[in-house]
Amino acid sequence: MEKIKIPGDWEDIQSVDIPFTFRVRSSQDGTFPYTVDLDSYDCNGACDCPDFKIRKEPLLARGVKLQLRCKHIRRAVAWFGEWSLRILSAEIERMAEKHRIKARSFGVRSADRERGTELGR
Ligand SMILES: [Zn+2]
């Protein structure tokens, strides 16, 4: 995943080199004992903490269709949402800029040009 700096207090989350996987700090001792995999169980996420393993995972394994997330999964989802928003926003800006340049150089219809402006906000 691309390394981008996200403002705010996210020192409790570490990304690792496996897609959708994070290490999450324990609120008890400040170490990073928990591994969260966000796309497990149809994107519910999975964690190796006791709360998830004992209370939540058995229900998911039986096919219960509920969102069953421990606090580590919820924290990783929040971080991932923030990260995704910034990646998507930058990509839309880039595409809008590219479209405007094309629209000017190739004389694309004005409706297409306006659409490009909307994308750029
Ligand atoms: Zn957990």
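Does Glu57 fit the bill of being more than 9 Å from the ligand (Cβ to nearest atom) and exposed (fewer than 13 other Cβ atoms within 10 Å of the Cβ)? Steps first, answer last, please.
Working: more than 9 Å from the ligand (Cβ to nearest atom): yes; exposed (fewer than 13 other Cβ atoms within 10 Å of the Cβ): no.
Judged against the criteria, Glu57 is not a match.
Can you name every one of the helices (runs of 4 or more DSSP H) wholly within region 38-107 that holds 2 or more residues which are closer than 20 Å to Ser15 by Cα?
Details: elements: 40-43, 57-61, 71-106.
Answer list for region 38-107: 40-43, 71-106.
Looking only at region 18-37, residues that are of a type in the set (S, T, N, Q), within 10 Å of the ligand (Cβ to nearest atom) and in a loop (DSSP other than H, G, I, E, B) come to 1 in all.
Across region 66-77, not a single residue is classified as small (Gly, Ala, Ser) and either touching a helix residue (DSSP H, G or I) at 6+ places or on another chain (Cβ under 9 Å) or exposed (fewer than 12 other Cβ atoms within 10 Å of the Cβ) (or both).
Laboratory data are not the source of any read-out in this text; all were calculated from the coordinates shown. Computed from a predicted structure; not experimentally measured. With ideal geometry, Cβ positions are generated from the backbone for all residues, glycine too; neighbour counts draw on all protein chains shown.
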